[in-house]
Amino acid sequence: MASTDRSNLSNPNNVIDVEVSMAECHARIKIRCRKFPKQLRKIVSGLHSLRLTVLHLNVSTAHEIALYSFTLKVEEDCGLCSEEEISRGVHQLLCRIQEEAFSV
């Protein structure tokens, strides 16, 4: 089932958890991370650039933490074929988004 990555940027409270499970050409991704303005828009845009089409999205927040649950279609031309590859790609995407938020 899943793969979990954790990343501590400059602050130990900035943990990124990514869990991925797949069934055929569909992926379910759960992300827990610190929330920032416009973050969801950037995540959805980044997923599209990875050739992952959002079919369903659920968002929950508590204080400074956001939990995003996505159901995605993995497009035929997507270079990410396994749970591990998708997890790594999404984790890198979230790291870039958080680095941009810290640099502002």
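The values are calculated or read from the model by the stated rules, or taken from the named source; none is laboratory data. Bear in mind that the values here come from a model prediction, so they are computed numbers and not experimental data. Here Cβ is always computed from backbone atoms with ideal geometry, including for glycine, and neighbour counts include all displayed protein chains. SASA here: full protein model, heavy atoms, side chains in, ligands and nucleic acids out. Shrake-Rupley method; radii C 1.70, N 1.55, O 1.52, S 1.80 Å.
What size of dipole, in debye to the nearest 20, comes out for the chain about its Cα centre when the only charges are +1 on Lys and Arg C-beta atoms and -1 on Asp and Glu C-beta atoms?
Details: 13 positive and 13 negative charges, 97 e Å.
Roughly 460 debye, rounded to the nearest 20.
Determine the per residue accessible area of the chain with all protein chains present and a 1.4 angstrom probe, expressed in square angstrom.
Accessible surface, normalised per residue, equals 59 Å².
First measure r as the distance between the Cβ atoms of ASP77 and GLU100, then evaluate 1/(1 + (r/R0)^6) with R0 = 25 Å and state the FRET efficiency to the nearest 0.05. Kindly include the intermediate steps, with their values, before the conclusion.
On the way: r = 26 Å, r/R0 = 1.06.
The pair ASP77/GLU100 has a calculated efficiency of 0.40.
Got a number for carbon plus sulfur as a percent of the chain's accessible area, 1.4 Å probe? Working shown, then result.
Values: 3050 of 6170 Å².
About 49 percent, which is the carbon plus sulfur part of the accessible surface.
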